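Trainee: Handing you a structure now.
The values are calculated or read from the model by the stated rules, or taken from the named source; none is laboratory data. All figures in this text were calculated on a predicted structure; none of them were measured in a lab. FYI the Cβ positions are ideal-geometry reconstructions off the backbone, even for glycines, and counts take in every protein chain you see.
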Amino acid sequence: MAKRYELREYQAKIEIREQEGAAKVLTGVIPYLSRSENMGGFFEVIAPSAFAHTLNDGADVKCLIDHDRSKILGRVKNETLKLRSESDGLHFEVELANTSYANDLYENVRTGNITSISFGFYTLIDEWDTTVTPALRTLKDVKLIEISFVVFPAYPEAQAQARSKAFEDSGFEELEGLLLRAQNQSYQFSEDDKKTIVALQTALQSLTKRSENKIQEPKVAVIPETYYENLKKEIPR
């Protein structure tokens, strides 16, 4: 099964550093061994080994705003983004270019409007503990692609991922978690998993039926080409 691109967002302590005549710098940490909120039927932690290959291979990780590739803040390749692994997590330091969006980000961090970090990755090795409920997923080795400064936090224990109530009630959050768990070929589907699948099948069938029975929009009346000419004749001059 092809690995899917995953995003994680979390409340972070972002620090700013600025020296006279020097570029503005933002720093932060992606924490190790900090349990996530419930991610649709499982919890998740990042092992201290998770980013080892990314660091050893010198991968050209990018730093962005809201995962927008047109708003790049720094990258490993030109050393405007620096990464290092310590006991508490993956530390990053980005030197901001003198662009309008980078300056806006700096001010939003300085004033406390932005306090969250997200990172995008592909899982290379993960480990599932299904002896606990919900199951616990440990990210042991991932391919880190980018780090973004974002508005909504979700990771770790402080706040749940910002989702609309409609999305939560739909059951698709459980489906997202189920799809992630199913990537592990040794994962054993529980009775709750099977119930989730059946419930989603029923929901999708209901949506399909509603779509088929959708009331047709009334047709717009077509005005004959001679209508306005005839109307002019009827209007007294």
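Trainee: Identify, from the list THR27, THR80, THR115, the residue that is under 17 Å from ILE14 (Cα atoms) and either at pLDDT below 90 or charged (D, E, K, R) (or both).
Mentor: Numbers: THR27 fails: either at pLDDT below 90 or charged (D, E, K, R) (or both); THR80 fails: either at pLDDT below 90 or charged (D, E, K, R) (or both).
Testing whether each residue is under 17 Å from ILE14 (Cα atoms) and either at pLDDT below 90 or charged (D, E, K, R) (or both) leaves just THR115.
Trainee: For the stretch 75-115, name all the residues that are acidic (Asp, Glu), in contact with a strand residue (DSSP E or B) (Cβ under 7 Å, 6 or more places away or on another chain) and outside any strand (DSSP E or B).
Mentor: The answer is ASP88, and nothing else.
Trainee: With LYS77, LYS71, LYS62 as the choices, which residue is of a type in the set (D, E, K, R), touching a Phe, Trp or Tyr at 6+ places or on another chain (Cβ under 8 Å) and within 26 Å of ASP104 (Cα to Cα)? Walk me through it before giving the result.
Mentor: Values: LYS77 fails: touching a Phe, Trp or Tyr at 6+ places or on another chain (Cβ under 8 Å); LYS62 fails: touching a Phe, Trp or Tyr at 6+ places or on another chain (Cβ under 8 Å).
Selected residue: LYS71, the only one of LYS77, LYS71, LYS62 that is of a type in the set (D, E, K, R), touching a Phe, Trp or Tyr at 6+ places or on another chain (Cβ under 8 Å) and within 26 Å of ASP104 (Cα to Cα).
Trainee: Let me ask something additional. Which of the residues spanning the stretch 1-24 are within 19 Å of VAL150 (Cβ to Cβ), assigned to a loop (DSSP other than H, G, I, E, B) and at pLDDT below 75? Quick ask: steps written out before the conclusion?
Mentor: Keep residues of the stretch 1-24 that are within 19 Å of VAL150 (Cβ to Cβ), which gives 5-16, 24.
Narrowing the set further to residues that are assigned to a loop (DSSP other than H, G, I, E, B) leaves 12-14.
Listed by number, the list holds a single entry, ALA12.
Trainee: Failed condition for LYS140, given (1) in contact with a helix residue (DSSP H, G or I) (Cβ under 9 Å, 6 or more places away or on another chain); (2) more than 21 Å from GLN11 (Cβ to Cβ), with all others met?
Mentor: Among (1) in contact with a helix residue (DSSP H, G or I) (Cβ under 9 Å, 6 or more places away or on another chain); (2) more than 21 Å from GLN11 (Cβ to Cβ), the lone unmet condition for LYS140 is (1).
Trainee: Let me ask you something else. Might you check whether a residue that is among the polar types (S, T, N, Q), surrounded by fewer than 18 Cβ atoms within 10 Å (Cβ to Cβ), within 22 Å of the chain's Cα centre (by Cα) and more than 23 Å from LYS140 (Cβ to Cβ) occurs anywhere in the stretch 35-55?
Mentor: No, the stretch 35-55 contains no residue that is among the polar types (S, T, N, Q), surrounded by fewer than 18 Cβ atoms within 10 Å (Cβ to Cβ), within 22 Å of the chain's Cα centre (by Cα) and more than 23 Å from LYS140 (Cβ to Cβ).
Trainee: When both residues are 6+ apart or on different chains and their Cβ atoms are under 9 Å apart, which pairs have a first residue that lies in the stretch 188-208 and is without any contact (Cβ under 8 Å) to a residue 12 or more places away in the chain, and a second that is of a type in the set (A, V, I, L, M)?
Mentor: From residues that are without any contact (Cβ under 8 Å) to a residue 12 or more places away in the chain, the pairs are PHE189/LEU178; PHE189/ALA182; PHE189/ILE197.
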